[in-house]
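Trainee: Got a structure for you, questions after.
Taken together, the values in this text are just the output of simple stated rules run on the coordinates, not laboratory data. The structure presented is a predicted model; accordingly, all values stated were derived computationally and were not measured. No Cβ is skipped: glycine too gets one built from the backbone with ideal geometry, and neighbour counts run over all protein chains shown.
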Amino acid sequence: METRPRMCSVIILRRPTHERWPLLLAANRDELGSRETAPPGRHWDERPDVVAGLDREAGGSWLGLNDHGVVAAVLNRRGTLGPEAGKRSRGELVLEALDHADAEAAAAALAHLDPAAYRPFNLLVADAVDAFWIRHAGDGMVRSVALEPGIAMLTARELNDPQSPRTRRYLPLFRAAEPPDPDPDPDRGDWSSWQLLLAAKASETGDPRDAMCIRTDGPYGTVSSSLVALPPVVTEEPVWLYAEGPPDEAAFRPVEL
């Protein structure tokens, strides 16, 4: 059975020399509202060190974090929604990435995947030191691309792709925004600059599906949102705030890690 996570947007800020939070990540997941999921938790007995959202329909995940400080998120590529006979679940890739103790090892292993086994995907794997875009665009290859420091945005297209109306509009806004100031105590942290952008419904095309927060008259739209901060060492506590619903109306609450 195919896991069909459809996380539409991931924004990552890499600051390798930052003393407190060298990696910040934000993500909106877009999906049919009828698809059954569970919020991030330790849902897999065979992976007790993994906290991730659960797709109840097929058992995979769209975003997760392990106790070693590795975060992973998967996105479908354009035109590749839904199952295909003989293909493995793309939702399994998040869990496979989180089997590793650091992002570099995870990226090296996943770059050797058989591209014929999966429909095209974008996979982000990161920790406090490194970040990688694992790209399978249906061209017969799986490539691992290291991300430079700074802010990057990934959708169903290429990294920072100017052909994406969402990226054209919102990547400059994220780059111009005041960086969040996370804290393990949610009452002390300040993610307001990114929360406002994640909740934005403006679209340069007029199509609500090109907004950050997708609200349509039909069953499809933004169904959840996440904010993640990784500290420089795993002995310190990371931060994961999760909105179980569109971020223009659902509150962000801390995930129990």
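Trainee: Say a site is exposed when it is one of the GluC sites (Glu not before Pro), sits in a DSSP loop, and has at most 12 other Cβ atoms within 10 Å; what is then the longest site-free stretch of the chain? Working shown, then result.
Mentor: Working: sites that count: E19, E36, E46, E84, E204, E249, E256.
Free of exposed loop sites, the longest segment is 85-203.
Trainee: If Lys and Arg each add +1 and Asp and Glu each add -1, what is the summed charge of the other residues whose beta carbon sits under 10 Å from the beta carbon of R77?
Mentor: Working: positive: R78, R90, R119, R135, R157; negative: E158.
Overall, the nearby charge balance is +4.
Trainee: Once the piece of chain linking A109 and E236 is laid out straight, how much longer is it, given 0.36 nm per residue of separation minus the C-alpha distance between them?
Mentor: Numbers: separation 127, 0.36 × 127 = 45.72 nm, distance 2.65 nm.
In short, 43.1 nm is gained.
Trainee: Divide by every residue of the chain the summed helix terms, -39500 (n - 2.57) for each DSSP H run of at least 4, and state the resulting mean residue ellipticity at 222 nm, rounded to the nearest 500 deg cm²/dmol. Please list the in-between numbers first.
Mentor: Details: 4 runs with 33 residues, N = 257.
Helix-only estimate at 222 nm: -3500 deg cm²/dmol.
Trainee: Now for a different question. Just in the range 174-257: which trypsin sites (Lys or Arg not before Pro) are loop by DSSP and have at most 12 other Cβ atoms within 10 Å?
Mentor: Working: sites: R175, R188, K201, R209, R215; in loops: R188, K201, R215.
In loop regions of the range 174-257 (DSSP not H, G, I, E or B), the sparsely surrounded trypsin sites (Lys or Arg not before Pro) are R188.
Trainee: Which of A199, T235, I214 sits closest to the plus end of the dipole of the range 166-236, meaning its Cα is farthest towards the positive end, when Lys and Arg get +1 and Asp and Glu get -1 on the C-beta?
Mentor: Positive-most Cα among the choices belongs to I214.
Trainee: Continuing with the same structure: Using the alpha carbon gyration tensor of the range 7-254, what are the three equivalent-ellipsoid semi-axes (square root of 5 times each eigenvalue), largest first, in whole Å?
Mentor: Values: eigenvalues 108, 100, 67 Å².
Its equivalent ellipsoid spans semi-axes of 23, 22, 18 Å.
Trainee: Can you give me the relative contact order of the chain as a percent, contacts being Cα pairs under 8 Å and 6 or more apart?
Mentor: It comes to 21 percent, rounded to a whole number.
Trainee: Describe numerically, in nm with one decimal, the distance between label points set 7 Å from Cα along Cα→Cβ at R20 and at R168.
Mentor: So the label points at R20 and R168 sit 3.7 nm apart.
Trainee: Between the alpha-carbon centers of the range 142-179 and the range 192-257, tell me the distance in whole angstrom.
Mentor: Answer, in whole Å: 16.
Trainee: Just how many % of Cα pairs in the range 70-199 lie over 25 Å apart, if you round to the nearest whole percent? Spell out each step's value before the answer.
Mentor: Working: 2696 of 8385 pairs.
Counting every Cα pair in the range 70-199, those more than 25 Å apart make up 32 percent.
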